[in-house]
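Colleague: My structure is below; once you've seen it, I'll send some questions.
Here, each number is a calculation from the coordinates, and none is a lab measurement. Model, not experiment: these values are computed from the prediction. Neighbour counts run over all protein chains shown; Cβ positions are idealised from the backbone, glycine included.
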Amino acid sequence: MAAAKTLVESKRKPAEAIYSHVIPAGDYWIHEIRSGQVFRIVDLEGNQAVDTLFYNALETSERYSAIDTIKAQGNIYLTTRSTLRSNLGNPMLTIIADTCGRHDSLGGACATESNQVRYAIDKRHMHACRRSFLLATSAAKWNLTKRDLAPNINFFMNVPVTPEGRLTFEDGISEAGKYVEMRAEMDVICVISNCPQLNNPCNAYNPTPIQVLIWLGPQAQNRSGSTGRP
Ligand SMILES: [Zn+2]
């Protein structure tokens, strides 16, 4: 199976990370990751969908593009060796380790509107990823607005495509402690909505916390006395 070849563990130690943060269940996070730094997302309790967007930190009109990523790698799933590409076709990050084996590029983010259409009109009040993306971006310094929201990655989320070409939201294939790790190929802004969805099995009906960690790249570590830019 192709999935077996993609399961790659990392040698990086959490104690050596320059940044570590736990994003509570249903919460959001926005942070800059410098070129060369290594970014890991840990599914702490298992089966948690992590809706994620990336922007070029120097020019935010350049952002993660599912279409360019899928086209370049000829595969709809993301895993080790996947290059996450921008709408200009440039490499933004490369996945260098993955103990889950498959991440979704097609399912998009949940929204109060889609919850009403898919599930019930009285689901409108429920917390959703699109709202979290808006809260994260509007509170930050990069002047991102709702016009900047694009199709996102769903790390750890299982969205198989049926032989008829339909998407299905299935119970996750991730487990507690599984992680995905990627190297930034440019300075990026990462926006995460730790998905609060309770209407389908993408979070096993139980949203849980995740952890994000950042390590300095090899070049920054070699510069004695330097810890890189803040
Ligand atoms: Zn969601």
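Colleague: Would you mind telling me which residue in Thr60, Thr162, Thr80 has the biggest mean-square fluctuation in a Gaussian network model of the chain, where springs connect alpha carbons within a distance under 10 angstrom?
Modeller: So, out of Thr60, Thr162, Thr80, the one fluctuating most is Thr162.
Colleague: For Tyr55, what is the net charge nearby, where nearby means another residue's Cβ is under 11 Å from its Cβ and Lys, Arg count +1, Asp, Glu -1?
Modeller: That works out to -4.
Colleague: Of Ser114, Ser86, Ser65, which has the largest mean-square fluctuation in a 10 Å C-alpha GNM of the chain?
Modeller: Of Ser114, Ser86, Ser65, the Gaussian network model singles out Ser114 as fluctuating most.
Colleague: Here is a further query. To the nearest whole percent, what portion of all C-alpha pairs in the range 91-196 is separated by more than 23 angstrom?
Modeller: Considering the range 91-196, 38 percent of its Cα-Cα pairs are separated by more than 23 Å.
Colleague: Right, something else. What share of all Cα pairs of the range 20-100, in percent, falls into each consecutive 10 Å distance bin?
Modeller: 15, 47, 34, 4
Colleague: Of all the stretches in the chain, which is the longest one without any exposed loop site, taking trypsin sites (Lys or Arg not before Pro) in a DSSP loop (any state but H, G, I, E, B) with at most 14 other Cβ atoms within 10 Å?
Modeller: In the chain, the maximal stretch lacking such sites is 12-80.
Colleague: If you add up the charges near Glu175, with Lys and Arg at +1 and Asp and Glu at -1, over every other residue whose beta carbon is less than 12 angstrom from its beta carbon, what do you get?
Modeller: Within the 12 Å Cβ shell, the charges total -2.
Colleague: Right, another one. Among Tyr179, His127, Pro163, which residue has its Cα furthest toward the positive end of the charge dipole of the range 120-179, with +1 on Lys/Arg Cβ and -1 on Asp/Glu Cβ?
Modeller: Towards the positive end, the residue furthest out is His127.
Colleague: On to the next question. Measuring from the lowest to the highest alpha carbon on each principal axis, how far does the chain reach, largest first, in angstroms?
Modeller: Principal axes ranked by extent give 58, 43, 33 Å for the Cα atoms.
Colleague: In deg cm²/dmol, rounded to 500, what helix-only [θ] at 222 nm does the chain give when every DSSP H run of at least 4 residues adds -39500 (n - 2.57) and the total is split over its residues?
Modeller: -4000 deg cm²/dmol
Colleague: Can you tell me which of Asn75, Asn158, Asn90 moves the most in a GNM of the chain? Springs connect C-alpha atoms under 10 Å apart.
Modeller: Looking only at Asn75, Asn158, Asn90, the largest GNM fluctuation is found for Asn75.
Colleague: Taking the Cβ of each residue in Phe155, Phe169 as the centre, tally the other Cβ atoms inside 10 Å and list the residues starting with the fewest.
Modeller: Phe169, Phe155
Colleague: If you line up the long axis of helix 129-139 against the longest principal axis of the chain, both from Cα atoms, how many degrees apart are they, to the nearest 10?
Modeller: 40
Colleague: Which Rg and Dmax, in Å, describe the Cα atoms of the range 140-209?
Modeller: Looking at the range 140-209, its Cα Rg and Dmax stand at 14.9, 44 Å.
Colleague: By count of other Cβ within 10 Å, fewest leading, how are Cys110, Cys100 ordered?
Modeller: By the 10 Å Cβ count, ascending: Cys100, Cys110.
Colleague: OK, next. Can you tell me how much longer the chain between Leu106 and Thr162 gets when fully stretched, taken as 0.36 nm per residue apart minus their C-alpha distance, in nm with one decimal?
Modeller: Extending this stretch completely gives an extra 18.9 nm.
Colleague: Could you give the dipole magnitude of the range 138-203 about its Cα centre, charging the beta-carbon of Lys and Arg +1 and that of Asp and Glu -1, in debye to the nearest 20?
Modeller: For this selection, approximately 300 debye.
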